[in-house]
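Working notes for the structure below.
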Amino acid sequence: MNPSNTWNQVDQYIKKQLIPYDPILEEALANNHNAELPPYDVTPSQGKLLQLFIQMQGAKRVLEIGTLGGYSTIWMARALPSDGRIVTIEVDPHHAEVARTNLSLAQIDHKVELRVGDALDQLTRMDEEQAAPFDLIFIDADKPNNPHYLKWALRFSRPGTVIIGDNVVRDGEVANENNEDPRVIGVREFFDRLAEEPRITATAIQTVGSKGYDGFVIGIVR
């Protein structure tokens, strides 16, 4: 059997067994597809994992770098307590407009601050606004800037903050030092900075599933 077929079948099995059908999330995915957003959303099992991380952390403040259509934002916002807040940043105005529709559909827009613009510019503005530290930070945007996003994630952290970086295996190419793809280079530099940074302890997990072969980094600020 083709390994990718097996991965997809297992993903579907996990979804059927552990993740109840949710018409709101399904409609959000349909809205993203109909608006011709790229198919970069997390899978349902990955969205549930983000929820569990937030619940295990007892997080009240979450920062998401890379909103797309807000699918992962909905998963995370639903895990927050009534006084919780998620700040999410999206560079593309069209993506952000779709996200606003989805967040309203899920009735969690009151928990979400959606900032539209270049993430590095928005993070600089948040610093100028003296934004409070976050309990969990999810980095899922353009990979060449991952090293810069890590710097900002640490800036907006406190001891115990969880930092998660998605799509860091790149079909295994992260281990290929000769790969000149800017996305792979950005991820490798991300790993380099994690290895050198004394303020965080981290590991990475390889994943397979309906979105192929990839993985994520998870770290805790010391």
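The values are calculated or read from the model by the stated rules, or taken from the named source; none is laboratory data. Note that the structure is predicted; figures quoted are calculated from it, not measured. We place every Cβ from the backbone using ideal geometry, glycine too, and count neighbours over all the protein chains shown. Side chains are part of the model used for accessible areas, which takes the heavy atoms of the whole protein and leaves out ligands, DNA and RNA. Shrake-Rupley method; radii C 1.70, N 1.55, O 1.52, S 1.80 Å.
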Exercise. Among the lysines, which have Cα under 20 Å from the Cα of Lys211 when same-chain residues fewer than 8 positions away are ignored?
Worked result: Lys15, Lys16, Lys48, Lys143
Exercise. What residues of region 183-222 lie in the reach of a label at Asn5, counting those whose backbone N is under 19 Å from a point 7 Å from the Cα along Cα→Cβ?
Worked result: 208-213
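Kindly state, to the nearest 0.05, the FRET efficiency for Thr203 paired with Asp171, given R0 = 25 Å and r defined as their beta-carbon distance.
E between Thr203 and Asp171, to the nearest 0.05, is 0.80.
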Seminar exercise, completed: Residues meeting the amide H criterion for Ala131 (H placed from the backbone, H to H distance under 5 Å, 5 or more places apart or on another chain) are none
Seminar exercise, completed: The answer for the longest stretch of the chain without any exposed GluC sites (Glu not before Pro) (DSSP loop, at most 16 further Cβ atoms within 10 Å) is 37-128
Exercise. Residue by residue through region 89-98, which ³J(HN,Hα) values in whole Hz follow from phi under the Karplus form 6.51 cos²θ - 1.76 cosθ + 1.60 (θ = phi - 60°), with glycine and proline marked x?
Worked result: 10, 9, 7, 8, x, 5, 4, 5, 5, 4
For this session: For region 139-222, report the accessible area per residue in Å² (1.4 Å probe, heavy atoms, rounded to an integer).
Result: 50 Å²
For this session: Heads up, I need the accessible area for Val184: 1.4 angstrom probe, whole protein in place, Å², nearest 10.
Result: 10 Å²
Exercise. So, with a 1.4 angstrom probe, what is the percent of accessible area on region 135-222 that is carbon and sulfur?
Worked result: 48 percent
Problem set entry | Percent accessible area from carbon and sulfur atoms, region 1-54, protein chains only, probe 1.4 Å | 58 percent
